[in-house]
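The values are calculated or read from the model by the stated rules, or taken from the named source; none is laboratory data. Predicted, not measured: the structure shown is a model, and the values here were computed from it. Note: ideal-geometry Cβ built from the backbone for every residue, glycine included; neighbour counts use all protein chains shown. For accessibility, only protein heavy atoms count, side chains too; no ligands or nucleic acids. Shrake-Rupley method; radii C 1.70, N 1.55, O 1.52, S 1.80 Å.
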Amino acid sequence: MSRTILITGVSGALARVVTELLIPNNEIIGVDVRPLPPERPFEGEFYCARYTQRKMAEIFRRHKPEVVIHLGRIRGTQVASSSYRYNQNVLGTRNLLDLSLKHSAKRVVVLSTYHVYGAHEHNHVGLSEDHPLRASQIFPQLADAVELDHAATSCLWRYRRLETVVLRPCNIVGPSLNNMISRLLRARAVPRLLGYDPMMQMLHERDAARAICLAVDSERWGIYNVAGEGAVPWSKAIKHAGARPAPIPHFMAYPLVGSLSALNLLFPKHLMDYFRYATVISDKAFRNDFGYSPQYDIVDTLRSVGASAAWHA
Amino acid sequence: MRLIKRLLDTFTKPLPGSMADSLREAAQVDAGGYDPWGLHPETAERTLRSMRWVYENYFRVQTYGIENVPSGRVMLVPNHSGQLPLDAMMVAMSMTFAAKSPRIVRGMVERWVPSLPFISTLFNRCGSVTGDPRNCVSLLEREQPILVFPEGVRGSGKTYWHRYTLQRFGTGFLRIALQTGTPIVPIGVVGAEETYPAIYNFEWLAKLLSVPYVPITPTWPLLGPLGAIPLPVKIDIHFGEPLVFEGDPDAPDEEIQGQVDQVQGAIQRLLDEGVAQRSGLTMLKLLPGGRP
């Protein structure tokens with residue numbers, strides 16, 4: 001059965017993998033605040049629009065999507081301006097949800113992140129979906145990500161006529177992704193904090209895309225963590241990706257990353273704690289309810305990212 | 001790191017094949033060679049190898065009744081003492097070197113440990129996890145042996161004058177045992193109480209430094225780093241019969257307390273008997289205080 005599916009964030013690589021999986025049986029409408037990258041043509045119909053703009057309403061009016069997949073969260077690693085991120089991530093998401101309700105979309109899948117749980121020394125292993133979202137207390141810079149999550153979950157509880165699925169995946173990495181963690185893993189030498197080596201989970205881009213498709217095709221709704229198979233310490237993750245870990249004492253690393261991130265280099269300082277304390281999530285519920293099982297284990301996943309590094313060629 | 005590994009491999013004897021196999025099998029690691037808490041059996045093995053001399057020759061550890069430890073999920077509950085968690089290390093090592101089927105013990109550590117560089121990582125690789133009830137329950141569901149000290153820092157930080165006297169036990173461990181149907185093995189560790197005989201604890205300084213305690217011993221801080229070397233006291237570990245409790249894990253504290261008292265009583269008996277059967281008279285026995 002062909003459905004009209006609206007996907008946000010289609011200029012990014014993950015949305016492309018999702019589109020590839022969905023396009024044979026569905027009509028895909030793509031939206032992104034960024035223009036499409038010229039090297040990757042998009043097979044569906046594409047609109048370049050901010051999620052807060054009136055143009056979004058026109059897209060909904062014209063296409064009446066049955067399913068909305070919101071993958072377009074803007075990360076702190078992409079845009080430094082917190083007000084822009086807040087507008088697009090919080091107000092934009094609310095706008096998308098309101099429009100979905102207004103135009104009687106059946107289902108919404110929102111991609112949040114495991115970062116909302118916050119990296120904290122007291123975190124236990126296997127954080128479940130009902131764990132408090134500590135990130136906004138520890139890192140105010142992540143408030144937009146937490147509020148995006150809240151906007152989606154409150155829609156989930158308030159409007160049952162719109163089946164809402166909120167996915168909180170661990171680090172998504174892959175050969176075609178250009179997010180912070182994949183970029184780091186593709187470097188020759190990758191920084192790590194000396195003396196700290198937290199366990200990290202990695203989700204292959206294909207597994208992430210399959211998880212999103214499972215959420216689209218099912219009739220279940222709710223909040224779900226999504227992880228890959230297994231976890232390894234960050235230093236080992238770097239080695240599996242074929243790079244060399246470069247240990248930096250943490251008292252030097254924080255000011256260093258702080259000054260680099262002020263120049264928009266490397267990654268924002270508040271993400272440093274994710275390389276210091278483990279934030280290991282449990283995706284037991286998603287596996288049980290959606291029959292999900294990742295096809296790539298953590299070693300394959302990391303190798304595939306490393307193999308895509310330009311310096312390997 | 002590589003240098004440390006090479007040195008250890010050169011200067012320490014590898015564990016017998018069956019022992020190493022048993023450790024790995026019981027650890028249940030994922031595809032990457034780690035379990036979700038960060039246990040890495042190879043690192044744990046290297047650490048055990050490097051500490052074997054301390055276990056066998058320095059503290060001359062002897063175990064009694066280790067066959068009482070059942071297979072599958074189990075909670076090991078010893079008395080806590082000695083400022084540094086040497087007692088935890090010795091109990092964990094006894095489960096490798098003296099047990100019939102060696103297993104890596106999962107020690108529950110204080111919540112501030114993950115903030116310590118190096119130590120937190122090494123502890124994780126060797127099987128320790130943050131003392132959060134949810135970690136404990138998940139590990140028990142994976143049939144892992146848990147090592148828990150219900151006295152916490154009240155036990156490890158006590159001065160020498162309170163040796164072999166159990167401090168107040170928390171009730172959390174018993175609620176978890178009830179919830180998961182886990183047998184509790186009471187353990188009396190005799191000797192570890194004398195490794196760092198603390199004469200005084202600077203409570204005000206500990207508060208100022210945000211650390212659990214600042215002890216002084218006859219040698220520390222007087223002799224500087226040398227004073228931090230523990231006294232070579234012989235350590236005897238007495239494993240009691242497993243205790244299995246039934247009841248509501250959410251019962252009020254006064255109901256749980258009765259069962260906690262049974263565990264505490266069993267450990268105190270093991271300690272009293274262990275101290276009485278100890279041969280020889282050490283200098284430390286002559287000092288006042290303590291139960292015996």
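Points worth noting:
- Residue check for A:Leu266: more than 14 Å from chain B (Cβ to nearest Cβ) and part of a loop (DSSP other than H, G, I, E, B): yes
- Residue in region B:124-144 that is touching a Pro at 6+ places or on another chain (Cβ under 8 Å) and free of Cβ contacts under 8 Å to residues at least 24 places away in the same chain present: yes
- Of the set (1) open to solvent by less than 20 Å² (accessible area, probe 1.4 Å); (2) more than 20 Å from B:Asn124 (Cβ to Cβ); (3) outside any loop (DSSP other than H, G, I, E, B), all apply to A:Ile238 but (2).
- Looking only at region B:197-226, and only at residues there that are out of contact with any strand residue (DSSP E or B) (no Cβ under 7 Å at 6 or more places or on another chain), of a type outside the set (Val, Ile, Thr) and under 30 Å from B:Cys136 (Cβ atoms), the one that is least open to solvent (accessible area, probe 1.4 Å): B:Ala206
- Scoring A:Leu96 on the criteria (1) over 22 Å from A:Thr113 (Cβ atoms); (2) outside any strand (DSSP E or B) leaves a single failure, condition (1).
- The residues in region B:156-193 that are closer than 16 Å to B:Val91 by Cα and part of a helix (DSSP H, G or I) can be counted, and the count is 3.
- Scanning region B:71-90 for residues that are more than 12 Å from the chain's Cα centre (by Cα) and open to solvent by 40 Å² or more (accessible area, probe 1.4 Å) returns B:Ser71, B:Arg73.
- Subset tally (residues that are among the polar types (S, T, N, Q) and open to solvent by 40 Å² or more (accessible area, probe 1.4 Å)) for region B:227-259: 1
- Criterion (under 30 Å from A:Phe275 (Cα atoms), among the hydrophobic types (A, V, I, L, M, F, W, C) and not in a loop (DSSP other than H, G, I, E, B)) met by exactly one of A:Ile5, A:Ile69: A:Ile69
- Which listed residue, of B:Thr182, B:Thr165, is polar (S, T, N, Q) and modelled with pLDDT under 95: B:Thr165
- Count of residues meeting criterion [part of a helix (DSSP H, G or I), more than 13 Å from the chain's Cα centre (by Cα) and within 13 Å of chain A (Cβ to nearest Cβ)] in region B:91-139: 16
- Where a residue in region B:10-34 is within 14 Å of another protein chain (Cβ to nearest Cβ) and assigned to a helix (DSSP H, G or I) and its partner, wherever it lies, is open to solvent by less than 60 Å² (accessible area, probe 1.4 Å) and modelled with pLDDT of 90 or more, with Cβ under 8 Å and at least six apart: B:Ala27/B:Asp35; B:Ala27/B:Leu39; B:Ala27/B:Pro41; B:Ala27/B:Ala44; B:Ala27/B:Ile104; B:Ala27/B:Gly127
- Residue match in region A:244-253 (condition: over 17 Å from A:Arg75 (Cβ atoms), more than 10 Å from every other protein chain (Cβ to nearest Cβ), open to solvent by less than 20 Å² (accessible area, probe 1.4 Å) and modelled with pLDDT of 95 or more): no
- Pairing residues of region B:202-228 that are without any contact (Cβ under 8 Å) to a residue 60 or more places away in the chain with residues that are open to solvent by 60 Å² or more (accessible area, probe 1.4 Å) and among the polar types (S, T, N, Q), at Cβ distances under 6 Å and at least 6 apart in sequence or on separate chains, gives no pairs at all.
- Identification of helices (runs of 4 or more DSSP H) wholly contained in region A:102-221 with 1 or more residues that are polar (S, T, N, Q), more than 14 Å from chain B (Cβ to nearest Cβ) and surrounded by fewer than 18 Cβ atoms within 10 Å (Cβ to Cβ) yields A:135-138, A:143-158.
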